[in-house]
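Trainee: Okay, handing you the structure first.
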Amino acid sequence: MKQLLFSICLIGMTAAVPAQDYSPSTENLEARELFRDMRFGMFIHWGAFSVLGDGEWVMNNRNIRVEEYKRLRQFFNPQQFDASKWVDLAKRAGMKYITFITRHHDGFSNWDTRQSDWKITNTPYGKDALKQLSEECHRQGMKLFCYYSLLDWSRSDYQYETGITGKGTGRTEKSNWEHYIAFMKAQLTELLTNYGKIDGIWFDGNWDQMAGEPGKPAYSKVDWHYPEIYRLIHTLQPACLVGNNHHQLPKPGEDFQLFEKDLPGENASGLGNASVSGLPLETCETMNLSWGFNINDRSYKSVKELIHYILRSAGRNANFLLNIGPMPDGNIQQEFQDTLARIGQWMSQYGDSYYGTRGDIIPPQDWGVLTQKGNSLYVHILQAGGRHYIFIPGISKKIEKAFLFKGRSMVRFKQVQEGLFLYLDNVPIDDTDTIIELD
Ligand code: GLC
């Protein structure tokens, strides 16, 4: 149903870019390049919803009334939560940043906010998860982004009357938009003042207020006050990167462009048809089919599938944000841990052909992708399929040598005006990725 809602509200959406009146600070521009260099991050969906083991949309999907849903406050008691274990896990997987749910659509705040009682410090657990995570990230040199939901299924000031979702949560009081905007600004101010350096804010939920008819430009039923909100963020922390999962071209004040379960330009998920901007790009994906902990979901993606997704993103010059949904006790299920460890092993061997690279050098090819760092091009052959050679179009710079990334043995090639032939006859094919470096 979620998918359907998205498709309905996105049909006919055009990507008009309003005049750019935002000039990012030097710190911000530097942070963008660092962001690109990092390439790989961990998304963490966790909160009161985790208790029900049915994903982060459970409140909406089962039409749970606010007062009843808030009973979760009594059960959310993540005694096993250990920020150092989470950061370690991300580090060992080769991830360079964490994007943590500070407040999802159910409105539960994972920090000790002063703006609401519906928060982690009012559970039996009683501690501020964001505090612990931010301190640990800073200690271990892990960058930290905060996911922040724009929509809210539990507050009555949120303009739920015109929202697409959260209709069945029993709200009757009239909404108060200005009050809600002030609430969000106060919360964002807390996030950006009480937790040290925050590397980015990841907004989500804009789509809840989209409307439109097929063939006509879509429009928003509310004014989100983005210019004001983005200015607030950049004033508090100029280097903080703002991204918004609105599935449209970035708006002024945004510093990176997000794609959800989709490679930039591919538009395969049905979640958006946004064109690709020149800003840093990021795509996010789940390890099974769920973002928040889902006790039934056994559809795990294989290590190879995920590495291919990671590389295909890099080939399109996008970061990859891989999600885990920790369990309500704070532990991370073994299946995720195992897969992440194996991705980490791959990264420690081949990461040089990935971190710090740029993509979008040539269009993605049926055999794989190309990444570049300085004078080196890395050919990632993801699908060798018994070929004797591959052709890389559009290589105009003179290639001096081609060799296997692993073992450094030379690979035969022929450069012509249209590109480069790489001969694979004597190349040992790696089922996950055969990497050939061109200098
Ligand atoms: C969607 C979902 C949300 C999830 C997000 C991650 O917007 O509503 O549950 O957090 O995607 O990309």
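Trainee: Using +1 on the beta carbon of Lys and Arg, -1 on that of Asp and Glu, and nothing else charged, what's the dipole of segment 330-439 about the Cα centre, debye to 20? If you can, show how the numbers build up before the last one.
Mentor: Working: 11 positive and 13 negative charges, 91 e Å.
That gives a dipole near 440 debye.
Trainee: Continuing with the same structure: Sort 256-266, 110-120, 163-173, 93-103 for me by packing, meaning the mean count of neighbouring Cβ atoms within 10 Å per residue, highest on top.
Mentor: Values: 256-266: 20.7, 110-120: 19.2, 163-173: 16.5, 93-103: 24.4.
Order by mean packing, descending: 93-103, 256-266, 110-120, 163-173.
Trainee: What is the distance, in nm, between label points placed 7 Å from the Cα along the Cα-to-Cβ direction at Gln334 and at Ser409?
Mentor: Between Gln334 and Ser409, the simple spin-label model gives 3.9 nm.
Trainee: Same structure, new question: Any idea how far apart Arg62 and Glu30 come out in nm if each label point goes 7 Å out from Cα toward Cβ?
Mentor: Inter-label distance under the simple model: 4.9 nm.
Trainee: Rounded to the nearest 0.05, what FRET efficiency is calculated for Phe421 and Thr121 with R0 set to 45 Å and r the Cβ-Cβ distance? Display every interim value, and only then the final one.
Mentor: Working: r = 62 Å, r/R0 = 1.38.
Computed FRET efficiency for Phe421 and Thr121: 0.15.
Trainee: Provide the FRET efficiency to the nearest 0.05 for the Ser220-His179 pair, computing r from the beta carbons and using R0 = 22 Å. Could you put the intermediate results ahead of the total?
Mentor: On the way: r = 18 Å, r/R0 = 0.84.
About 0.75, to the nearest 0.05.
Trainee: So what is the 222 nm mean residue ellipticity for the chain from helices alone, if each DSSP H run of at least 4 adds -39500 (n - 2.57) and you divide by all residues, rounding to the nearest 500 deg cm²/dmol?
Mentor: -7500 deg cm²/dmol
Trainee: Specify the angular offset, from 0 to 90 degrees and rounded to the nearest 10, of the alpha carbon long axis of helix 129-140 from the longest principal axis of the alpha carbons in the chain.
Mentor: Helix 129-140 sits roughly 30 degrees off the main axis of the chain.
Trainee: Express in nm, to one decimal, how much length is gained between Lys373 and Ala186 on full extension, taking 0.36 nm for each residue of separation and deducting their alpha carbon distance. Let's see the in-between values first.
Mentor: Working: separation 187, 0.36 × 187 = 67.32 nm, distance 4.15 nm.
Working it through step by step, the gained length comes to 63.2 nm.
Trainee: Can I ask one more? ³J(HN,Hα) across segment 230-236 via Karplus (A = 6.51, B = -1.76, C = 1.60, θ = phi - 60°), whole Hz, x for Gly/Pro?
Mentor: Whole-Hz 3J(HN,Hα) from phi for segment 230-236: 5, 4, 4, 4, 5, 6, 5.
Trainee: As a quick test, which of the pairs Lys85/Lys197; Lys85/Lys301; Lys85/Lys143; Lys304/Lys414; Lys143/Lys197; Lys167/Lys221 have an alpha carbon distance above 18 angstrom in this structure? Display every interim value, and only then the final one.
Mentor: Numbers: Lys85/Lys197 20 Å; Lys85/Lys301 23 Å; Lys85/Lys143 15 Å; Lys304/Lys414 30 Å; Lys143/Lys197 9 Å; Lys167/Lys221 16 Å.
Checking Cα-Cα distances, Lys85/Lys197; Lys85/Lys301; Lys304/Lys414 exceed 18 Å.
Trainee: With everything on Cα atoms, drop me the angle between helix 334-350 and the longest principal axis of the chain, reported from 0 to 90° to the nearest 10.
Mentor: 40
Trainee: With label points built 7 Å along Cα→Cβ from the Cα atoms of Gln383 and Asp430, find their separation and express it in nm.
Mentor: The answer from the label model is 2.0 nm.
Trainee: For segment 109-184 and segment 300-327, what is the centre-to-centre distance using only Cα atoms, to the nearest Å?
Mentor: Segment 109-184 and segment 300-327 have Cα centres spaced 27 Å from each other.
Trainee: Read phi for every residue in segment 186-191 and hand back ³J(HN,Hα) as whole Hz from Karplus 6.51 cos²θ - 1.76 cosθ + 1.60, θ = phi - 60°, with x for Gly and Pro.
Mentor: 5, 5, 5, 4, 4, 4
No lab work stands behind these numbers, since they all come straight from the coordinates. None of these values were measured; they are calculated from a predicted model. In this analysis, Cβ positions are derived from the backbone assuming ideal geometry, glycine residues included, and neighbour counts consider all displayed protein chains.
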